[in-house]
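The values are calculated or read from the model by the stated rules, or taken from the named source; none is laboratory data. Quick caveat: nothing in here was measured; it's all calculated off a predicted structure. Positions of Cβ are backbone-derived with ideal geometry, glycine not excepted, and every protein chain shown enters the neighbour counts.
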Amino acid sequence: MTPRLLPFVLLFAAFTAQAQPAKPAAWPAPWLGVHLLVGSDAQLNDLVDQAPKLAAMGVNALIVEVDYNFDFRSHPELGRPTAITRPVAAKLAEVCRKNKIRVIPQLNCLGHQSWAANTLPLLTKHPEFDETPGQYPANKGIYCRSWCPLNPDVNPMVFDLMDELIDAFSADAFHIGMDEVFLIGSDFCPRCKGKDKGELFAKALNDYHAHLVGKRKVEMFMWPDRLLDAAITGDSEWEASKNGTFKAIDLIPKDIVMCDWHYGNRKAYPSVPLLLGKGFRVWPAGWDKPDATLALARFAREQMNDRMMGHLATTWGKVKAANLADFEPLKAVAEEYRRP
């Protein structure tokens, strides 16, 4: 090699080293996880009983979506004292740790702040946080309410809730939800009106990342449907964005774990290679149909990428906590991942 070429070779080597994707966190691979809505100590106790059975199947991660169903101390008006308590959360965490199951609490952020006519505690107690203040009485004409990502008083309160759940479950990871956000950049919001929806969505994600990853040193998980351009993936407005939030995909950190959900049986799932190509770790998530679950799991395994994490089974009320190990789609994908 001539001396004149050496600087260019060194520069190329440095660039190549920087361009290498980050390795997955040190955790058993593949990740076989389950997502479950939880709202009471009784449900957590059922999970305690299920933990050995789940571990025997190969399950090594459990996302417990708590939302506001917790006895919050920092903002007691936002929780339910009759819901999940710290001793039972700690009990679940300990049993799961013994069974090598990672517990990941979830609080839906930004969107999903209502369901049908019921507005959830944050916007009930603090209507000034609403992205569409004073609009849509009884939530008619909308899917779910959102909070305003530019209201300076929202994040401090939400971060308090995140911290309590992280501490209660002794968690080293946190799921922020973020799926199906349709109300963002609303003309009814004095702060967000006229703003770019992709930049607003990215701003929210970067705020949560700064707190969770930067301050609390935990991993951050999310549903990525709003980061997907429906025109590219061919997905519906539920599984991908048609309102411009997809621009955020290039404005956020690459260490966020993408729980890429798809519930139909297809030959291909374009979002999986798209997210991998952007540098993210991807945890594909199926639901209630064993054939569709296997189609997604097999497509994911074909990607041959060290950022492909495994499979996440979502339940969405299709199975009770006490019967989780008997959930047919979970059993099917567990068997799939036993195959070489």
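Examine segment 308-319 for a residue that is over 15 Å from the mean Cα position of the chain (by Cα) and over 30 Å from GLN50 (Cβ atoms), and state whether such a residue exists. No, because not a single residue in segment 308-319 is over 15 Å from the mean Cα position of the chain (by Cα) and over 30 Å from GLN50 (Cβ atoms). The set of residues from segment 111-132 being buried (at least 16 other Cβ atoms within 10 Å of the Cβ) and of a type outside the set (Ser, Thr, Tyr) comprises GLY111, HIS112, GLN113, LEU120, PRO121, LEU122, LEU123, HIS126, PHE129, ASP130, GLU131.
Listed by first and then second residue, the pairs with beta-carbon distance under 9 Å, at least 6 apart or on different chains, first residue in segment 313-337 and on the phi > 0 side of the Ramachandran plot, second surrounded by 13 or more Cβ atoms within 10 Å (Cβ to Cβ) and charged (D, E, K, R), are TRP316/ASP288.
Can you tell me which residue among LEU227, LEU183 is surrounded by 17 or more Cβ atoms within 10 Å (Cβ to Cβ), touching a residue at least 24 places away in the same chain (Cβ under 8 Å) and touching a helix residue (DSSP H, G or I) at 6+ places or on another chain (Cβ under 8 Å)? Steps first, please.
Numbers: LEU183 fails: touching a helix residue (DSSP H, G or I) at 6+ places or on another chain (Cβ under 8 Å).
One residue alone meets the criteria, LEU227.
Looking across segment 230-254, the residues that are touching a Gly at 6+ places or on another chain (Cβ under 9 Å) and either among the aliphatic types (A, V, I, L, M) or touching a residue at least 60 places away in the same chain (Cβ under 8 Å) (or both) come down to ALA240, ASN243, THR245, ALA248, ILE249, LEU251, LYS254. Scan segment 266-310 for residues that are under 17 Å from VAL34 (Cα atoms), surrounded by fewer than 20 Cβ atoms within 10 Å (Cβ to Cβ) and among the small types (Gly, Ala, Ser) and jot them down. Of everything in segment 266-310, just one residue is under 17 Å from VAL34 (Cα atoms), surrounded by fewer than 20 Cβ atoms within 10 Å (Cβ to Cβ) and among the small types (Gly, Ala, Ser), namely ALA292.
Selection over segment 78-96 of residues that are more than 21 Å from the chain's Cα centre (by Cα), modelled with pLDDT of 95 or more and of a type outside the set (A, V, I, L, M) gives a count of 5. The set of residues in segment 77-131 that are touching a Leu at 6+ places or on another chain (Cβ under 6 Å) and in a loop (DSSP other than H, G, I, E, B) comprises ILE101, GLN113, GLU131.
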